[in-house]
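**Student:** What follows is a single structure, and I will ask about it in a moment.
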């Protein structure tokens, strides 16, 4: 699972060698700090992994943190909020993700148009 929050980006997985924890990884330490603090776990450095920073979190603790992130949304524009907290370099990376996902939307819109044409909708 990829999670983008106003404080960063993390990737969460359940590794076969650690099935009782959620391994939460990040490209930068700052993205993991809020979760590590909340879950009271250390951030480990993994210089040879795909993501250089990792935290090993109890599944319930991870679920609670994700829910809190959702409950704390008080902004009307995600990228503007991230710019305030992480700066424009981080927002540039988010914009690249946004553009990549725009390709999915274009495919979906074409499919929706075909569906609308076949059932009389516009």
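Where a number appears in this text, it was derived from the coordinates with a stated rule and is not lab data. Worth saying up front: this structure is predicted, and the values here are computed from it rather than measured. Cβ: placed from backbone, ideal geometry, glycine included. Neighbour counts: every protein chain shown.
**Student:** So what's the angle, to the nearest 10 degrees on a 0 to 90 scale, between helix 88-119 and the longest Cα principal axis of the chain?
**Tutor:** Between helix and principal axis, roughly 40 degrees.
**Student:** Order 50-62, 24-36 from most to least packed using the mean count of other Cβ atoms within 10 Å. It would help to have the intermediate numbers written out before the result.
**Tutor:** On the way: 50-62: 17.5, 24-36: 19.8.
The densest-packed peptide leads the list: 24-36, 50-62.
**Student:** 222 nm [θ] for the chain, helices only, -39500 (n - 2.57) per DSSP H run of 4+, per residue, to 500? Could you put the intermediate results ahead of the total?
**Tutor:** Details: 4 runs with 65 residues, N = 122.
Taken over the chain, the calculation gives -17500 deg cm²/dmol.
**Student:** Here's a follow-up. Mind checking the angle between helix 29-39 and the chain's longest principal axis? C-alpha axes, 0 to 90 degrees, to the nearest 10.
**Tutor:** Once rounded, the angle reads 70 degrees.
**Student:** If you fit an axis through the alpha-carbon atoms of helix 59-71 and take the longest principal axis of the Cα set of the chain, what angle between them do you get, 0 to 90°, nearest 10?
**Tutor:** Roughly 50 degrees, rounded to the nearest 10.
**Student:** Right, next: Once a ≥ b ≥ c are taken as the square roots of the eigenvalues of the Cα gyration tensor of the chain, is the result rounded (a/c under 1.5), prolate (a/b larger than b/c) or oblate (a/b not larger than b/c)?
**Tutor:** Since a/c reaches 1.5 and a/b is larger than b/c, the shape of the chain is classed as prolate.
**Student:** Could I ask something else about it? Which order results if 76, 92 are arranged by neighbouring Cβ count within 10 Å, fewest first?
**Tutor:** Ascending number of Cβ neighbours within 10 Å: 76, 92.
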